[in-house]
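The values are calculated or read from the model by the stated rules, or taken from the named source; none is laboratory data. Quantities reported herein were computed from a predicted structural model and do not represent experimental measurements. Positions of Cβ are generated from backbone atoms using ideal geometry, with glycine treated the same way; all protein chains shown enter the neighbour counts.
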Amino acid sequence: MHSSLQLVLILLAVAVLVTAAARALRLPTMLGYLVTGIAIGPFALGWIPESEEARYLAEFGVVFLMFSIGLEFSLPRLTTMRMTVFGFGGAQVGLTIALAALIAWLLDLPLLAAIALGGIISMSSTAIVSKLLAERLEIQTAHGRQIFGALLFQDLAVVPLLILIPAFARESDEMASILALAILKAVLVLGFLLFVGQRVMRPWFQWVASRKSPELFTLNLLFFTLGLAFMTETAGLSLALGAFLAGMLISETEYRYQVEDDIKPFRDVLLGLFFVTIGMRLDLMLIAANWGDVLLLVAAIMIGKAALVAGLGMAFGSTRPTAVRTALGLAQAGEFGFVLLAQAADLKLLGSEITQPVLAAMVLSMLIAPLVINHMDVLTRLIAGNEWAGRAKEVHDIAVKTFGKSRHVIVCGYGRSGQNLARLLEAEDISFVALDADLERIRAVAASGASVVYGDASRREVLVAAGLSRAQAIVVTYSDLPSSMAILRHVRELRPELPVVVRTMDDAHIDALKEAGATEVVSEVMEGSLMLASHALMLLGVPLSQVLKRIRMVRESRYAMMRGFFRGASDADSTLDQESQPRLHTVLVTQGAAAVGRSLEELMLDELLVEVVAIRRQGIKGVDPQPETEVRVGDVLMLRGAADGLAAAEFRVLQG
């Protein structure tokens, strides 16, 4: 028998190795935990025996996962995406449950167990899909938005399923009354927490925050989350439901983002333990004896779900290629499916002869998912055939809309920035045509008579149809590097003299966009900093003409004065590309340093892709150091470059 300390040490060692391997292979750590659980569980190496204590501890991972889902619950967001979430997502979950339950029932599985199995199979993996789509820069595409709408509804659908499955596990003559009682309890608890808990929770969190103690805030957060989970479990519901309600309550307060950061370490560690315990449930000998059934289940889950989702996508107005991409993204099983399967197995609703093949098929489908999504384009061409028929209609619609336009502006993207730009162009009586790939937005603005058409601006034929040969400018209003580079490539081939203004999030890609042919690159972060600085300077009494001159100088130098920044702990999880982003670093030149008495040119820091942007000497900062500037003892050099280059540059300055 292993001691508790041995179990903890094994789990910690596994967590370290799995996380490192997953990062190296660029795979979600969840898959690593599942495989590890299979390896070290009682049916394989047997390093960790199966026990109720381990399962109960792992359930806290689900608690914190549901809490995080509750934090993401936003009524405004759901309202904005209501058709995608409740229409497409609701249809996907409902029809998947119905179809899977019907097939299972026809195969002699009891009806209630078949419905539970349908709910398990209807889930897809938020963790895997979101990571892969983010890496492919496809979250804001038509299929990306449809996939995330379905995933959001699946997250919400887990809550009633967590209530229904325990009721399904009771005797049939008691089931109706137990189910009614469970629903009544859920309504009462939900009503109490929403109407009473909100009024108590907000002032309490304000009081805790006013103590300005991070430890107190974190302890209060854990107490609040686990307390509500305990309340719902005591009421005969589940721990996960209480955690979801706790997250939902906090999501409407100003503490949401602080809470999300505080809860993340607990969630990730305990959730990893949960997936290890899920893997430990898998009996490899039983799977090996029934490998044919497992492979058949994998095919049924992935092909069946994909076919259903593709049909729904086209029914909701998506093009065939978009529907196929959405189907490929949602074809696998999901982490909440494991939650529901574990609950059904523990309640004896599903026996081991069902849970073992289903569990194996779910794990395999999730292992296959990265391969499917990363080859989505190739598979779409094979399945959907030639996309030119759909594209021809799209191009025809654009050409009709732009017929007769000349000296107009092509606005790529009709989001908030694109709409604001369009209003200003209209005010100046400048003709424009806007291209946007969001069908829902196109439908919303159709009644306004705005000159907006459906089309992917990164495609050559779309730009030609939009009157590229007659346009006087192009403005890319969204921040998407691959799409912007594609637009610039087409313009350079067809109209190299045409001015193009491109929007980007930060300064990481300014030079690349300029080299690709952008006339102007507008950085959101830099422009925001310029506006903040200009207001501050004017309030400090700097003349308006001087402020405007300074801003013009910064823009003309491609924001050179503002490129790079000193990083802090709060930037550790930034979504920016940490390696390519330039950093700032200061080096104090001490007595005996190798750089003393040498010019900046002699140091040859440019070999390391590092530049000296300023020198502070005796309290005076030189803004524009020259190559012939000599380094002296006591100088503070402000360096800009990538992290590895800065380290090498500091060594060269001090050691030679």
| So which of 86, 43 ends up being at pLDDT below 90, part of a helix (DSSP H, G or I) and of a type in the set (A, V, I, L, M, F, W, C)? | 86
| message | Take the residues in segment 418-451 that are touching a helix residue (DSSP H, G or I) at 6+ places or on another chain (Cβ under 9 Å) and modelled with pLDDT under 85; name whichever of them is nearest to residue 469 (Cα to Cα). | response | 451
| query | Looking at (1) part of a helix (DSSP H, G or I); (2) within 27 Å of residue 104 (Cα to Cα); (3) in contact (Cβ under 8 Å) with a residue 60 or more places away in the chain, can you tell me which one residue 314 breaks? | reply | (3)
| message | Which residue is nearest to residue 586 (Cα to Cα), if the candidates are limited to segment 609-639 and must be among the basic types (Lys, Arg) and at pLDDT below 80? | response | 616
| remark: Conditions (1) in a loop (DSSP other than H, G, I, E, B); (2) within 26 Å of the chain's Cα centre (by Cα) -> residue 350 fails only (2)
| request: Residue by residue through segment 334-383, note down the ones that are under 21 Å from residue 322 (Cα atoms), of a type in the set (A, V, I, L, M, F, W, C) and either free of Cβ contacts under 8 Å to residues at least 24 places away in the same chain or buried (at least 24 other Cβ atoms within 10 Å of the Cβ) (or both). | output: 369, 371, 378, 382
| If you go through segment 143-161 one residue at a time, do you hit one that is modelled with pLDDT under 85, polar (S, T, N, Q), within 23 Å of the chain's Cα centre (by Cα) and in the same structural domain as residue 367 (by TED's automatic domain parsing)? | no
| message | It is to be established whether one or more residues within segment 483-496 are β-branched (Val, Ile, Thr), closer than 23 Å to residue 451 by Cα and buried (at least 22 other Cβ atoms within 10 Å of the Cβ). | response | yes
| remark: Over segment 206-237, the set of residues outside any helix (DSSP H, G or I) and either surrounded by fewer than 18 Cβ atoms within 10 Å (Cβ to Cβ) or modelled with pLDDT of 80 or more (or both) is 211, 212, 213, 235, 236
| remark: Selection from segment 465-491 of residues over 16 Å from residue 517 (Cα atoms), over 29 Å from the mean Cα position of the chain (by Cα) and not in a helix (DSSP H, G or I) yields 466, 467, 469, 470, 471
| Residue check: is residue 287 crowded, with 16+ Cβ neighbours inside 10 Å and not in a loop (DSSP other than H, G, I, E, B)? | yes
